[in-house]
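Since the structure comes first, as structure tokens, the remarks are kept for the end.
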Amino acid sequence: MLGGIPRHVGVIMDGNGRWASLRGLPRVEGHKRGAERAKDVIEAALEIGIEVLTLYAFSMENWQRPRQEVSTLMELLKLYLSKELLELLHKGISFRVIGDRSRLPEEVQKVIEEAEKYTSSASRLTLVTALSYGGRDEILRAIRKIIKQGLRPEELNEEVFESALDTAGLPPVDLIIRTSGEKRLSNFLLWQGAYSELYFTETLWPDFTKEEFLYAIQDYQRRERRFGAIMPISTES
Ligand code: FPP
């Protein structure tokens, strides 16, 4: 018997650079093709009723890439957001960014704020983009926030801590998918993924199809989730 649809799916979209190199193309061509695959996966998430889709688009570590690649990625994001804003609205997608946005170029910050504002009441799917994001950095920023609020140690619990994270109000991530054959989390949703199921595939992100995304969901549905308990725990609401 198959389990339910995961409420929250996270995706580490890896392998754009290798996809381009294999074809003798500049890395940016891999990112452009990757952005198309992101659109396919968003479409599939909408179709099957996933509540939250989190895409890892730019990590803290990615700031160390050559300046040219960083600025092209930023341009791509800006372009994508300005071009797709109406489409997001039309499809009922609420857009949200997690990460240290203070490091992002000002114009990118502005487009993000607009997209978040205009789509805030949409409710079919929450599309979270992890940008300038690192799980450890997110946890540190949450701790700083809590200290600034003057909370006493005995007042701190998981619920309070979660409300200080960038993902406040979102459900924990049920399934994390990583493409390109790497089998690690690379600082993605460290707190939120404590009980996530993991799906790894050799497919490079620019080749990751809607069909493979649906296959990953089916694979997830066949798993028993015990959360440390003995009997499987139902995740269906
Ligand atoms: C990892 O591949 C991918 C990235 C660092 C960027 C991901 C960005 C996109 C898919 C485009 C924009 C996204 C949206 C949501 C519009 P890599 O460059 O690390 O590949 P490699 O490991 O083969 O070098």
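The values are calculated or read from the model by the stated rules, or taken from the named source; none is laboratory data. Here the structure is a predicted model, which means the values were calculated and not measured. Reconstructed Cβ throughout: ideal geometry from the backbone, glycine too, with neighbour counts over all protein chains shown. These area figures cover heavy atoms from the full protein model, side chains too; ligands, DNA and RNA do not enter into them. Shrake-Rupley method; radii C 1.70, N 1.55, O 1.52, S 1.80 Å.
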Counting DSSP beta bridges in region 92-237, what percent are antiparallel, to the nearest 5? 0 percent
The summed charge of the Ile139 Cβ neighbourhood (under 13 Å; Lys/Arg +1, Asp/Glu -1) stands at -2
Column: log10 I(q)/I(0), Debye, Cα scatterers of region 1-92, q = 0.10, 0.13, 0.16 Å⁻¹: -0.32, -0.53, -0.76
With an 8 Å Cα cut-off and a minimum separation of 6 or more residues, compute the relative contact order for the chain in percent. 30 percent
Return the Rg/Rh value of region 122-183, two decimal places, where both radii are evaluated on C-alpha atoms and Rh is the Kirkwood radius. 1.05
Which whole-number percentage describes the relative contact order of region 7-84, with Cα contacts under 8 Å and a sequence gap of 6 or more? 37 percent
Under 5 Å, built H, 5+ apart or other chain: amide partners of Tyr199: Ile176, Ile177, Arg178
Hey, can you find the accessible area per residue of the chain for me, probe 1.4 Å, expressed in square angstrom? 54 Å²
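Local charge sum around Trp191 (other residues, Cβ-Cβ under 11 Å, Lys/Arg +1, Asp/Glu -1)?
That works out to -3.
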Could you please report the charge total around Ser180, scoring K, R as +1 and D, E as -1 over all other residues with beta-carbon less than 14 angstrom from its beta-carbon? +2
Cβ charges +1 (Lys, Arg) and -1 (Asp, Glu), total dipole of the chain, debye: 460 debye
Region 162-169 - phi-based ³J(HN,Hα) in whole Hz, Karplus 6.51/-1.76/1.60, Gly and Pro as x: 4, 6, 9, 7, 4, 8, 3, x
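Let me check against my output: what whole-number percent is the relative contact order of region 77-213, with C-alpha pairs under 8 Å and at least 6 apart?
That works out to 21 percent.
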Could you state the orientation-averaged shadow area of the convex hull built on the Cα atoms of region 47-114, in nm² to one decimal? 5.1 nm²
Per residue of region 125-138, in order, report the coupling 6.51 cos²θ - 1.76 cosθ + 1.60 (Karplus, θ = phi - 60°) as ³J(HN,Hα) in whole Hz, putting x for Gly and Pro. 8, 9, 9, 9, 10, 8, 10, 6, 10, x, x, 5, 4, 4
For the chain, what is the Kirkwood estimate of the hydrodynamic radius, computed as the reciprocal of the mean inverse distance between distinct Cα atoms, to one decimal in Å? 18.6 Å
Tell me the carbon and sulfur percent of the accessible area for region 126-211, rounded to whole percent, probe radius 1.4 Å. 53 percent
Partner lysines whose C-alpha sits under 27 Å from that of Lys32, ignoring same-chain residues fewer than 8 away, are Lys78, Lys83, Lys91, Lys110, Lys117, Lys183, Lys210
What list of ³J(HN,Hα) values in whole Hz, one per residue of region 16-24 in order, does the Karplus curve 6.51 cos²θ - 1.76 cosθ + 1.60 (θ = phi - 60°) give from phi, with Gly and Pro shown as x? 4, x, 5, 4, 5, 4, 4, 9, x
Under-5 Å amide H pairs with Phe95, H placed in peptide plane, nonlocal only: Thr119, Leu127
